[in-house]
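> Following this message is one structure expressed as structure tokens.
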Amino acid sequence: MSQEELLVLIYKKDERAFTHLYDMYSKSLFSVINVLIKNREEAEDVLQDVFVKIWKNIDSYNESKGRFYTWILNIARNTSIDKLRSKNFNDNKKNLSSDNFVNLLDDSNKLVNKIDTIGIQEFVKKLKPKCIEIIDLLFFKGYTQQEASEELAMPLGTIKTQNRNCINDLRNYLKI
């Protein structure tokens, strides 16, 4: 089933479309979510929330503003960040056993592999060093633009402009 056919079925709320949607995108979305959440069970819960949001909010997708995959990737990223900022998640994080801290160290070494699985590492490497730093903070580590501004000691407006320019550079690399 093509993406166009899938979208038609989703708009019609055809139940078969949900299965196809999940089969097509669950692995790549889970990879992105798991990089941010760093807890498999929580990441699976977020993935479920993401698919419900995609299903319920399909009418807000505008093809003229970007690709469908980009739209659902943003939903996954934003839902993950919301989860990270939630009080419940932070309270549970405070109660981690010492075994989890060993896993956190192991997971940080696997970050490059997870990014490679969604196929953008080679393109990100082509960007200017400042772009790599900004994209890493905003998209892979889940920082807000304000937090990235503080981390990099750059004005917020500069972060926003740089981010927009970096994303445009990345888009240009992806078109080649």
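The values are calculated or read from the model by the stated rules, or taken from the named source; none is laboratory data. Please read these numbers as outputs of a predicted model, since none were measured by experiment. Please note: Cβ atoms are built from the backbone with ideal geometry, for glycine as well, and neighbour counts cover all protein chains shown. Side chains included, ligands, DNA and RNA excluded: accessible areas come from the protein's heavy atoms. Shrake-Rupley method; radii C 1.70, N 1.55, O 1.52, S 1.80 Å.
> Which helices (runs of 4 or more DSSP H) does segment 1-80 wholly contain that include 3 or more residues that are in contact with a Ser or Thr (Cβ under 6 Å, 6 or more places away or on another chain) and open to solvent by less than 70 Å² (accessible area, probe 1.4 Å)?
Because the criterion is at least 3 residues that are in contact with a Ser or Thr (Cβ under 6 Å, 6 or more places away or on another chain) and open to solvent by less than 70 Å² (accessible area, probe 1.4 Å), the helices (runs of 4 or more DSSP H) in segment 1-80 that meet it are 15-37.
> Here's a follow-up. List every residue pair whose Cβ atoms lie under 7 Å apart, where the two residues are 6 or more positions apart in sequence or sit on different chains, the first residue falls within segment 139-167 and is more than 15 Å from PRO129 (Cα to Cα), and the second residue, located anywhere, is in a loop (DSSP other than H, G, I, E, B) and not polar (S, T, N, Q).
Filtered contacts from segment 139-167: SER149/PRO155; GLU151/TYR143.
> Filter segment 117-143 down to residues that are modelled with pLDDT of 85 or more and under 16 Å from ARG77 (Cβ atoms), then give me how many there are.
1
> Test GLU151 against the stated conditions and say whether it is among the charged types (D, E, K, R) and under 19 Å from the mean Cα position of the chain (by Cα).
no
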